[in-house]
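Below is one structure, written out as structure tokens; the observations come after it.
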């Protein structure tokens, strides 16, 4: 017996991708590349960034190489859930600046069949795990750790060294005037000099 229209609906499978590393390692560049590929494939994409990040542009996510993609600045991670109806891919930049709720937000989106791509610093300037990134790495299906080049020796850099350690606030938005990427050895040498 043949039944018409008995093909089951396709189930969309969601997942979480995390792109992490130090400053100047290409995290945002990689996020933009993945999101533009999804847009090219005509997937519905929404991109978010923390409202406090206005270094290059108020609305766009912009890489250090000046590549950009339109985004929606949000104050909290919960706002992302309110703004993601009928999407296939969600991109989130500078995730370290969001609250810990970002982990459950990303899991909720992935459970709804959405591909979630998150980029952010995995360590702060003190070399400590930063914000929700470590927890996101543990629940993600895919983790890509990218590296900068050490400004002192040329090796792979995985630390974001803050040039002025007198300012101890955790969040200090800045660029090359405030930070430089260093390898483990050069970072430890600089920290020992300051300490």
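Here the helices (runs of 4 or more DSSP H) wholly within segment 87-195 that include at least 1 residues being modelled with pLDDT under 95 and surrounded by fewer than 16 Cβ atoms within 10 Å (Cβ to Cβ) are 184-194.
For segment 54-86, filtered to residues that are closer than 23 Å to residue 178 by Cα and either out of contact with any helix residue (DSSP H, G or I) (no Cβ under 8 Å at 6 or more places or on another chain) or at pLDDT 65 or above (or both), the residue that is surrounded by the most Cβ atoms within 10 Å (Cβ to Cβ) is 60.
Could you say whether any residue in segment 6-16 is surrounded by 12 or more Cβ atoms within 10 Å (Cβ to Cβ), at pLDDT below 95 and under 12 Å from the mean Cα position of the chain (by Cα)?
Residues of segment 6-16 surrounded by 12 or more Cβ atoms within 10 Å (Cβ to Cβ): 14-16.
Going one step further and asking which of them are at pLDDT below 95, we end up with none.
The answer is no, given that none of the residues of segment 6-16 is surrounded by 12 or more Cβ atoms within 10 Å (Cβ to Cβ), at pLDDT below 95 and under 12 Å from the mean Cα position of the chain (by Cα).
The values are calculated or read from the model by the stated rules, or taken from the named source; none is laboratory data. Predicted, not measured: the structure shown is a model, and the values here were computed from it. Ideal geometry is used to build each Cβ from the backbone, glycine not excepted, and the neighbour counts take in all protein chains shown.
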